Amino acid sequence: MYRLITLNVNGDLRTVAVKPNTTLLDVIRDKLDLTGTKKGCGLGVCGACTVLVDGETMSSCLLLAANMEGKCITTIEGLEEKGKLSAVQKSFIHSGAIQCGYCTPGMVMSAKALIDKSPNPTEAVIKEALGGNLCRCTGYVKILDAVKNWKTYSELDEPEMKEYDLEDYKVVGKSLPRYDARDKVTGRAKYTADIVLPKMLHGKILHSTIPHGRIIRIDTSRAEALPGVKAVIIGKDVPDRQYGVSPPRYDEYVLAKDNVRYVGDEVAAVAAIDEETAERALELIEVEYEELPAVFDVYKAMEEGAPLLHERYPNNINTSVDHHFGDVDRGFQEADYIKEESFTGNFTQQAPLEPHASIGDWQDGLLILHSATQVPHYVHYMLANVFDMPLGKIKVIRPTVGGGFGGKAETTPLDLISCVLSKKTGCPVKMVYSRKEMFLHNRGRHKQYIKMKLGVKRNGEITAFESKIFLDGGAYTSFGIVTVYYAGSMIPTLYKIPNYKYTGRRVMTNKPACGAFRGHGSPQPRFAFECLLNMICDELSLNPVEVRRINSMEADYHTCNDLDIRSCRYKETLLQAVEESGFSEKYGQLNDGHGIGLASGGFVSGAGYTIYRGQVQQHSQKPREPFQKKSIFPHANAIIKISEDGTQAVLFIGAADIGQGSDTILPMIAAEALGLPADRVRIRSEDSDISPIDLGAYSSRITLMGGNAVKRAAEDVLAKLFPVAARLMNCSPEELKASDGFIFSDKDDTKSMEWAEAARKYFNDNSSLIGTGWYKPPEGLGGDYKGATVGTSPAYSFSTAICELNVDISTGKVDVKKFWDYHDCGTPVNPMSVHGQVEGAVVMTTGEALMEDMVYNDRGELVNPNLHEYLLMTIKDTPEIFSGIVDSYEEEGPYGAKEVGEGATVPILGAVAHAIKDATGVWITDLPITPEKILKALKENY
Amino acid sequence: MRDFIIHEPDNIGGACSLLLEFGTQARIIAGGTDLLVDLKQHNIEISHLVSLAKIGGLKSITTIGDEIRIGALVSLNEVAESLTVKKRLRALCKAAASMASKQIRNQGTIGGNIASAVPSADLPPALLAAGAHVIITSGESERKVPMSNFFYGPRKTVLAVGEILTQVVIPSIGKKTAIIYKKFKLRGANALAVASVATRITVAGNLIKEGRIVLGAVAPVPMIAELASEMLAGQIPSHNLFFRVAEAAAAEAKPISDIRGSREYRKELIQVLTKQSLDEAFKRATGGGD
């Protein structure tokens, strides 16, 4: 069956044995170890596997290796010459076109093929050439820039520093390229699926084919007899402990013990010598189910007598929130105008280009997990909980991660099953989700059914607001308990709302669980609120800018739901976006299907409390403690070690860079605080054995929390170093400052020495120079009601987005032309990264507004579990984006910084909907706003 | 993907006998962009693939007299960028360029796009409008089949076991004739047609001599909207006429509802696209040839 073929790859002739059904992608990755070429969808849609075949781009996942003899194949690894980057690679680095890096190799190959043929391509030609390469992080803006201006960028020796106006700082405020960009643009960066361990096996999961049922019998004997199969496990082989996200709602087993609750639920798993054998084995497992009635609709699920998913959640209500702040009845009485409206969200998915992947490696007395995760510590905690072993006997390694957006913010079945299979076989077991499995597993955004009522004075001043939301949560809790609280708690952070009532119900249905997705719980309610406010403005002939201005949140404000807003430049985001875009001149004045719309948003800069209570310890061994309004342990912890020659600092912090750039931001903060140039700090964040706990990339927390820990670790280093330097310079440590690689006296210009020399001297007499730092959010955050912790944060971000678009009135097709966004992120540590986050958020969320939608049939099966039909925006759909940063400083943040990553998504849905209303005269209140819905509404209204 | 055996015959006769030998257990692989997706998703199960890669003569675009002959293995991008095709049937280039992505267009072939017989395929409507035919060989004999007779249903064609589509032949389009392809898709790249229309108009003096309207993605096969087409013959072109023809085309369409659009929406799209393509085709036809 195997046959020897000889391929010309990157100029080398390589002879490999392949089967007829082996794809070129698999040969490149698995046989030639050229793992720079990525697998994102396996079906020729995402472009991550793009290679050049005789100079033309092709999707290597849809090429049979056996057909490729005699052709010249070029992969990303073939672009460097003797360690020198090609021009297009340099351009990608210097323009900031690289975030998670998973799309980068394919993107670079498409760009390379293009500029080899036409060195001065127009934007339209670039978009055509790159249309088949999906990116989930960048919004394509800097990618387009990188290809358009490749000559300029590639001729820079040093990347151009687009400096922000921050005179006080040497490193903070500079638009440095990502520290890991070179590895990502050369294909050297290793993602979990790229890693090969000795004796490694491959695991696959058997998923339930029915939406609800009881497992009567499973026969694995035929699967076990298949040559190459090393282990088959079912429910009885996994621990009896349940897992999940929030301890009171742990409701999942590693594999189904009795019932399956959605199409895709995990029933059995196989480890085999390769993925193909494991997949064959799955087909040989026989499962007999007793099918139970299933329910897919939120409202039907709550009816008496509806099929019950879990005994512990009566009426399928997973979590109930009943909040009332102030007095809404009085507030509505005081209102001159009251408007009520209903809105419906959509099921959308993070769809990071890198699918989930894990490698479990259960050794004697030590469990090692490699995982594509945003939250290494919570995965670590969950392994300790499920396998009932001390955290100290487990280590979690987070290789380079190809995007997360919340989908990787919880422990996955792969994390746990790979460990069980590894224990059973004695070998490391790698497991990677296919794109279809990514959709079956889901954990995407909850679909929210929203009813809102808003009361205002004649001038638009808000007097009362009431919100009732049902969230379709799917079959398990996942992050949902937090989501349903966030759906309510973030509303009063943007405008001053004196009276507020929120009723939230998270309801379980026989569909894949929903979880946390960028902006967690808040984008859809914010969409609804902003639409409602804009509707009122229309109806009362009020100016939407002025109404926002008079209700605007302000600094040092205590909200009705007991959140403490510190720095706040919301008004500036609003007014600057309005000015930059010309909103006031355009709104209501554009013709022929053109429209402009405005909405605002905001988010937390890190959750005020940890996801689990108590200290870092096995869950089962912890005494049950009452909740205390303080953090028990620090949320972020950092160590800085100075090399013995004093020239380099190495920063250790377990913060997860998933593409958002914390591996760049945190060393920049360290460099600033240490007084070293940026290139003299490296970071190690990937291994829990090496780096102390940082809770991870969720709730947009790392810049503020990780940054504070890093800054304090640097200050600790200086506190040790200055006395040594002071002795050498004959002055007092108090008068010393460090900057740009030197230590000098504040009082005496003649007293100065090299930083490295001082550090060498320190080492001679004191051994290693090490500093530690940590960060805990302030104590006492939040109110004293149930659920008061969700929404608490040391700081809040604010932003305003304005969207200009064109609607084809005959088909309903929307063409988004331009976005203007101003964000209050405090001090931008790296402005280029801030803009990159905003651009990515604009495009991702515009896609959610217009085209992303997971559709289920009446059997609970997802109709579109692929990137052909679950539509992500391509570069051809991307608008021009202006991203601005308002002048702001947050006392609680490192050098005044707060968040941008998640908050940037929040205003987008509302801005798009408002622009469509301006263009067409119709409001579409259910997402996504498809051409078909627009056309239907137009026909009904005119 | 399941295991299979690949055969790489170096002549067309060899390929045909392999197909005959293995019958329903065999498929032809050309670009593979549809086939591998089906194999990976287990939509079809086969044990033999017959590759056309080593067979000569299927990769060129030639002109013989007024005819254009396009070999089955010519890639979609080659069609899109071919000056020969552009000069005579620009609509076909546009249809090819509107497909999938650069990568897929470099891999996929014109023969594959036709023989796969996917209802939303982009090339067939333009080819039907042009009156193209395909050359089918059984190894021993060749036959010519008009594109309008080629499709039976979704993924069903007149190709018999052992037969291979080798060439697409586009006749001379003629003077005062224009063909326009219009497609509606839900995003800029990598998107199938929700509905598509290829319209052909020939003018004579002040009148429309004849017209043909072909609809894509709104029926089991690319279909000629016969009634709508007939309404054009001998008529004085007018906004009103084109509007009525577009309405008639929409009425003839037989779309299904699926994730890309409902039946009703597709009919509305057909009306819009037909009207737009008639306007454009008339403009170009009176400006002198396509």
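The values are calculated or read from the model by the stated rules, or taken from the named source; none is laboratory data. As the structure is a computational prediction, the values presented were derived from the model and not from experiment. Backbone-built Cβ (ideal geometry, glycine too); neighbour counts: all protein chains shown.
Worth a mention:
- Selection from segment A:896-933 of residues that are within 14 Å of chain B (Cβ to nearest Cβ) and polar (S, T, N, Q): A:THR930
- Under the condition of being farther than 20 Å from A:VAL328 by Cβ and not aromatic (Phe, Trp, Tyr), the residues counted in segment A:555-572 number 10.
- Taking the listed residues B:PRO154, B:PRO119, the one that is touching a residue at least 60 places away in the same chain (Cβ under 8 Å), closer than 19 Å to B:VAL194 by Cα and out of contact with any Gly (no Cβ under 9 Å at 6 or more places or on another chain) is B:PRO154, with no other qualifying.
- Of everything in segment A:389-407 that is touching a strand residue (DSSP E or B) at 6+ places or on another chain (Cβ under 8 Å) and part of a loop (DSSP other than H, G, I, E, B), the residue that is surrounded by the fewest Cβ atoms within 10 Å (Cβ to Cβ) is A:MET389.
- Where a residue in segment A:720-733 is surrounded by 19 or more Cβ atoms within 10 Å (Cβ to Cβ) and at pLDDT 95 or above and its partner, wherever it lies, is among the aromatic types (Phe, Trp, Tyr) and in a helix (DSSP H, G or I), with Cβ under 6 Å and at least six apart: A:LEU721/A:TYR762; A:VAL724/A:TYR762
- Of all residues making up segment A:664-699, the number that are assigned to a helix (DSSP H, G or I) and either touching a strand residue (DSSP E or B) at 6+ places or on another chain (Cβ under 6 Å) or not polar (S, T, N, Q) (or both): 13
- Segments classed as strands (runs of 3 or more DSSP E), wholly inside segment A:9-70, with at least 2 members that are surrounded by 21 or more Cβ atoms within 10 Å (Cβ to Cβ): A:50-53, A:56-59
- Against the numbered list (1) in contact with a helix residue (DSSP H, G or I) (Cβ under 7 Å, 6 or more places away or on another chain); (2) assigned to a loop (DSSP other than H, G, I, E, B); (3) surrounded by fewer than 23 Cβ atoms within 10 Å (Cβ to Cβ), A:PRO794 comes up short only at (3).
- Restricting A:GLY608, A:GLY595 to residues that are in contact (Cβ under 8 Å) with a residue 24 or more places away in the chain and farther than 29 Å from A:SER685 by Cα narrows the list to A:GLY595.
- Screening segment B:187-221 for residues that are within 14 Å of chain A (Cβ to nearest Cβ) and surrounded by fewer than 21 Cβ atoms within 10 Å (Cβ to Cβ) and picking the one that is farthest from A:VAL125 (Cα to Cα) gives B:LEU192.
- Qualifying residue in segment A:532-554 (condition: under 21 Å from the mean Cα position of the chain (by Cα) and under 30 Å from A:ALA301 (Cα atoms)): no
- Evaluated against (1) closer than 19 Å to A:THR186 by Cα; (2) out of contact with any strand residue (DSSP E or B) (no Cβ under 6 Å at 6 or more places or on another chain); (3) away from chain B (no Cβ under 14 Å), A:VAL9 falls short on exactly one condition, (2).
- Qualifying residue in segment A:91-104 (condition: within 14 Å of another protein chain (Cβ to nearest Cβ) and crowded, with 24+ Cβ neighbours inside 10 Å): yes
- The condition of being within 14 Å of chain A (Cβ to nearest Cβ) and among the hydrophobic types (A, V, I, L, M, F, W, C) does not hold for B:ALA233.
- For B:LYS182, the criteria (1) crowded, with 24+ Cβ neighbours inside 10 Å; (2) out of contact with any Phe, Trp or Tyr (no Cβ under 9 Å at 6 or more places or on another chain); (3) more than 23 Å from A:ASP815 (Cβ to Cβ) hold in every case but one, which is (3).
- Meets criteria (more than 11 Å from chain A (Cβ to nearest Cβ), within 26 Å of the chain's Cα centre (by Cα) and either more than 19 Å from A:ASP26 (Cα to Cα) or of a type outside the set (A, V, I, L, M, F, W, C) (or both)) for B:THR33: no
- A:PRO828, sole failed condition from (1) in a loop (DSSP other than H, G, I, E, B); (2) under 30 Å from A:LYS436 (Cα atoms); (3) not hydrophobic (A, V, I, L, M, F, W, C): (2)
- Residue in segment B:53-61 that is modelled with pLDDT of 95 or more, within 11 Å of chain A (Cβ to nearest Cβ) and under 30 Å from B:TYR181 (Cβ atoms) present: no
- Listing of helices (runs of 4 or more DSSP H) fully contained in segment A:271-382 that carry 3 or more residues being out of contact with any Asp or Glu (no Cβ under 6 Å at 6 or more places or on another chain) and closer than 30 Å to A:ILE462 by Cα: A:328-334
- Segment A:734-752 - residue that is in contact (Cβ under 8 Å) with a residue 12 or more places away in the chain and in contact with a Lys or Arg (Cβ under 9 Å, 6 or more places away or on another chain) and, of those, surrounded by the most Cβ atoms within 10 Å (Cβ to Cβ): A:ILE743
- With respect to the conditions (1) within 14 Å of chain B (Cβ to nearest Cβ); (2) under 25 Å from B:LYS40 (Cβ atoms), A:GLY55 falls short on a single one, namely (2).
- Test: residue in segment A:784-804 that is of a type in the set (A, V, I, L, M, F, W, C) and either over 22 Å from A:GLU572 (Cα atoms) or at pLDDT below 95 (or both): yes
- Considering the conditions (1) away from every other protein chain (no Cβ under 14 Å); (2) in contact (Cβ under 8 Å) with a residue 40 or more places away in the chain, A:LEU144 is excluded by exactly one of them, (1).
- If the condition is being more than 9 Å from chain B (Cβ to nearest Cβ) and either in contact with a helix residue (DSSP H, G or I) (Cβ under 9 Å, 6 or more places away or on another chain) or among the aromatic types (Phe, Trp, Tyr) (or both), then segment A:851-871 contributes A:GLU852, A:MET854, A:TYR856, A:LEU862, A:PRO865, A:TYR870.
- A:LEU414 meets each of the listed conditions (1) farther than 30 Å from A:VAL263 by Cα; (2) in contact with a His (Cβ under 7 Å, 6 or more places away or on another chain); (3) aliphatic (A, V, I, L, M) apart from (1).
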